[in-house]
Amino acid sequence: MTTESAAQVRTSRAGDCIDARYRLESEIGSGGLGAVYRATQTKLARAVAVKLLNESMGASDVQRARFEREAKALAALEHPNIVSVLDYGVADGQPYLVMELLTGETLAQRIRDGVLPLEAALRIARELLAALAFMHQSGLVHRDLKPSNVFLQRVHGGERVKVLDFGLAKNTGLGSERADATLTRDGTVVGTPAYMSPEQATGDMVDARSDVYALGVLLFQMLSGRLPFEGDAIDQVRSHLVEPVPALTRARAEPI
């Protein structure tokens, strides 16, 4: 999403009431497919987060199917380390997803301040592993685990990791092949190059191991303050395919 189009979403939707139930208040995040708003569930006066698919994307059957798949995936995943979905619908032709409103910051925001202490990085990694294990047992592969999709929720006495954004999640359960084939053709590369496993980078079939690979990249980044492979998207994909992982002790400015 460009700055101009993001501004158009804020101007056109902030203050609107979706389905006569959710009053949009302010935008708290945006991306290529849509925007997330802080909102109020009017009847209960409850604060929630509402994700809206862009109007241009809403006209695409494929994008609408992906958005609906994200809603169904989240609805089936009740876990303390996965964001909870509360509702899903289509209002005036525009799909929306209602989730719990989280307070805190993304891992992307946290690591901008520098390298994380070892214990903090390991705690985040352990909670992410718990979320991934549950997700994989449920037959889902996230396929886009990255710092902006990991939220560090402030809770009483500490913080809790929450995995976000299941728009690229793949159902690996029995009978899922036909449904997924309509959304992602063989050989199509989806995800974020900096965190892709070699299989994902080449468009091959992926499974739970690709998420674990992405988590390894996240852990490397938390402990070193940098990605194992840098450069543009093409350079990153090539490096994941052919380069050995750099030594963490060399990548990190200070010893662990």
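The values are calculated or read from the model by the stated rules, or taken from the named source; none is laboratory data. Keep in mind that this is a model prediction, so the values were computed, not measured. Neighbour counts run over all protein chains shown; Cβ positions are idealised from the backbone, glycine included. When the accessible area is computed, the model is the full protein with side chains, heavy atoms only, and any ligands, DNA or RNA have been set aside. Shrake-Rupley method; radii C 1.70, N 1.55, O 1.52, S 1.80 Å.
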Looking at region 164-187, can you tell me whether even one residue there is crowded, with 21+ Cβ neighbours inside 10 Å, modelled with pLDDT of 90 or more and within 22 Å of Gly34 (Cβ to Cβ)? yes
Residue satisfying all of: in region 84-136; in a strand (DSSP E or B) and among the acidic types (Asp, Glu); nearest to Thr40 (Cα to Cα) among these: Glu100
Scan of region 111-127 for residues that are within 16 Å of the chain's Cα centre (by Cα) and not small (Gly, Ala, Ser), ordered by number: Ile124, Glu127
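For every residue, the table says whether it meets (1) open to solvent by less than 60 Å² (accessible area, probe 1.4 Å); (2) free of Cβ contacts under 8 Å to residues at least 12 places away in the same chain; (3) in contact with a Leu (Cβ under 6 Å, 6 or more places away or on another chain).
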{"residue": "Thr103", "(1), (2), (3)": "no, no, no"}
{"residue": "Val115", "(1), (2), (3)": "no, no, no"}
{"residue": "Glu127", "(1), (2), (3)": "yes, no, no"}
{"residue": "Ala130", "(1), (2), (3)": "yes, no, no"}
{"residue": "Asp144", "(1), (2), (3)": "yes, no, yes"}
{"residue": "Phe151", "(1), (2), (3)": "yes, no, yes"}
Of all residues being free of Cβ contacts under 8 Å to residues at least 24 places away in the same chain and open to solvent by less than 30 Å² (accessible area, probe 1.4 Å) in region 213-252, which is nearest to Gly203 (Cα to Cα)? Just the residue, please. Ser239
Leu77: over 21 Å from Val48 (Cβ atoms), at pLDDT below 95 and surrounded by 17 or more Cβ atoms within 10 Å (Cβ to Cβ), yes or no? no
